[in-house]
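To start, the structure under review is shown below, and the notes come after it.
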Amino acid sequence: MSASLPGNRDIPASQYDLSTYWGRVRHAADISDPRTLLVSSSGLEQAKSLISSYKQNHIPTMSPDLWHAKKVVDSTLHPDTGEPVFLPFRMSCYVLSNLVVTAGMLTPGLKTTGTLLWQIGNQSLNVAVNNANANKSTPLSLSQIGKSYMMAVSASCSVALGLNALVPRLKNISPNTKLIMGRLIPFAAVSSASALNVFLMRGEEIRQGIDVYPVLSEAEKKKREETGEPIESLGKSKKAATLAVGETAISRVLNATPVMVVPPLILVKLEKTAWLRARPRMVTPVNLGLILATSVFALPLALGAFPQRQAISAQSLEEEFWSKGGKDGQVEFNRGM
């Protein structure tokens with residue numbers, strides 16, 4: 001992310017107002033824009049060079065080219081490490097990466113083997129995305145990643161198979177209701193497992209805490225630009241980590257809800273139309289189109305629910321931070337995505 005590039009001058013966090021929900025949604029839409037995946041390695045270096053020039057006071061003001069460079073950098077580099085996130089696991093690739101597994105899980109008439117395989121595929125993707133975009137001040141070991149992965153897969157498969165077995169046994173409900181409930185089983189499995197996946201993959205953050213930093217006033221920012229003094233961590237906070245992981249889990253559920261609910265309900269209606277009955281081979285393309293359209297809109301709305309770089313009162317953290325707050329007694333941390 002741009003904060004990791006050389007230079008003492010702070011670059012604006014966004015061209016949108018991040019204190020408002022819609023401002024964060026528009027910012028999230030930039031970060032998750034799939035077009036940034038087409039930027040070459042030389043294009044990324046040019047974007048980094050342009051931002052560094054601004055941070056080193058060689059460029060006086062933000063321009064459209066600078067905002068585009070920041071968009072490329074923010075959607076590509078991890079904010080803690082400054083290294084590129086592996087392309088399939090970037091938020092700008094999330095809609096495309098998730099399209100295949102979501103379509104698989106929402107395929108009508110899946111049997112036990114198909115349900116298991118697609119749930120495993122979905123949780124494998126979730127594990128990779130959560131690990132790639134987590135706060136890196138408290139990294140997980142390979143053994144911890146493996147254990148978390150197995151627990152997440154077990155949870156999602158158990159929910160999916162359990163509900164698949166339960167729905168056919170329900171009495172006193174119409175066949176159409178059973179059909180709709182059957183189509184919504186993947187939503188129940190994915191929502192519960194997605195939230196659990198985040199807590200499992202980032203559980204070490206809660207156990208050890210994540211780095212928090214003082215919020216600087218404008219005078220302190222100007223002084224830091226002149227001296228080049230880095231912002232030092234105030235320490236690791238478990239309460240900040242719990243908030244960061246909890247909000248990320250909620251955003252995952254917010255993203256999964258429309259994607260796993262809207263397409264299957266629309267498809268149930270469309271399958272009753274004469275047009276789709278006469279063209280059974282169109283079921284899969286129509287399903288993919290519904291999932292893609294819903295995903296494109298759902299992801300920024302979910303990511304914008306909470307700020308990525310979050311500022312809170314130091315008084316809401318452990319007592320050791322109470323007297324260490326910066327501007328207005330606040331501290332900030334990277335929530336992760």
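The values are calculated or read from the model by the stated rules, or taken from the named source; none is laboratory data. What you see is a predicted model; the values in this text were computed from it and never measured. Positions of Cβ are generated from backbone atoms using ideal geometry, with glycine treated the same way; all protein chains shown enter the neighbour counts. Just so you know, the surface numbers come from the protein's heavy atoms only, side chains and all, with ligands and any DNA or RNA stripped out. Shrake-Rupley method; radii C 1.70, N 1.55, O 1.52, S 1.80 Å.
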Tell me the net charge near Pro307. Cut-off is 15 Å between Cβ atoms, Pro307 excluded, with +1 for each Lys or Arg and -1 for each Asp or Glu. -1
Taking Cα atoms, the helix 238-270 axis meets the longest principal axis of the chain at an angle in degrees (rounded to 10) of 40
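As an exercise, use a Förster radius of 25 Å and the Cβ-Cβ distance of Val283 and Ser174 to find the FRET efficiency, rounded to the nearest 0.05.
On the way: r = 22 Å, r/R0 = 0.89.
Computed FRET efficiency for Val283 and Ser174 comes out at 0.65.
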Quick one: which of 273-286, 313-326, 67-80 comes out on top by average Cβ neighbours within 10 Å, and what's the full order, highest first? 67-80, 313-326, 273-286
Report the one residue of Tyr54, Thr81, Asn8 whose Cα lies farthest in the direction of the positive end of the charge dipole of the range 1-84 (charges on C-beta: Lys and Arg +1, Asp and Glu -1; origin at the Cα centre). Tyr54
If each Cα of the chain is one equal point scatterer, what is log10 of I(q)/I(0) from the Debye formula at q = 0.08, 0.09, 0.10, 0.12 Å⁻¹? -0.44, -0.54, -0.66, -0.89
So with the 1.4 Å probe, I'd like the accessible area per residue for the range 202-326, rounded to whole Å². 51
Over the range 53-179, with neighbouring protein chains present, the accessible area per residue in Å² at probe 1.4 Å is 49
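Could you sort 110-119, 242-251 so that the peptide with the highest average Cβ count within 10 Å comes first and the rest follow in order?
Details: 110-119: 16.7, 242-251: 20.2.
For the peptides 110-119, 242-251, the packing ranking is 242-251, 110-119.
Please compute the contact order of the chain in relative form: average sequence separation of alpha-carbon pairs under 8 Å and at least six residues apart, divided by the residue count, as a percent. Intermediate results must be reported in sequence, preceding the final value.
Details: 503 pairs, mean separation 71.2, N = 337.
Relative contact order comes out at 21 percent.
Going down the list Lys48/Lys324; Lys136/Lys221; Lys70/Lys221; Lys71/Lys147, which pairs span over 29 Å between their C-alpha atoms?
Working: Lys48/Lys324 33 Å; Lys136/Lys221 24 Å; Lys70/Lys221 20 Å; Lys71/Lys147 35 Å.
In this structure, Lys48/Lys324; Lys71/Lys147 lie more than 29 Å apart at Cα.
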Can you tell me the 0 to 90 degree angle between the C-alpha axis of helix 142-166 and the longest principal axis of the chain, rounded to 10? 30
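Leaving out ligands, DNA and RNA, and with a 1.4 Å probe, what % of the accessible surface on the range 91-307 is carbon or sulfur? Provide the component values of the computation, followed by the final result.
Details: 6860 of 10270 Å².
That fraction is 67 percent.
Just order 257-263, 22-28 by mean Cβ neighbour count inside 10 Å, highest at the front, would you? List each step's numbers first, then the result.
On the way: 257-263: 20.7, 22-28: 18.6.
Per-residue Cβ counts within 10 Å, averaged per peptide and sorted highest first, yield 257-263, 22-28.
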Computed FRET efficiency, Cβ-Cβ of Glu320 and Arg224, R0 25 Å: what is it to the nearest 0.05? 0.60
From DSSP H assignment alone, runs of 4+ in the chain each adding -39500 (n - 2.57), the sum over residues rounded to the nearest 500 puts [θ] at 222 nm at -20000 deg cm²/dmol
Heavy-atom accessible area of the range 1-84 with neighbours in place, 1.4 angstrom probe: carbon+sulfur share in percent works out to 53
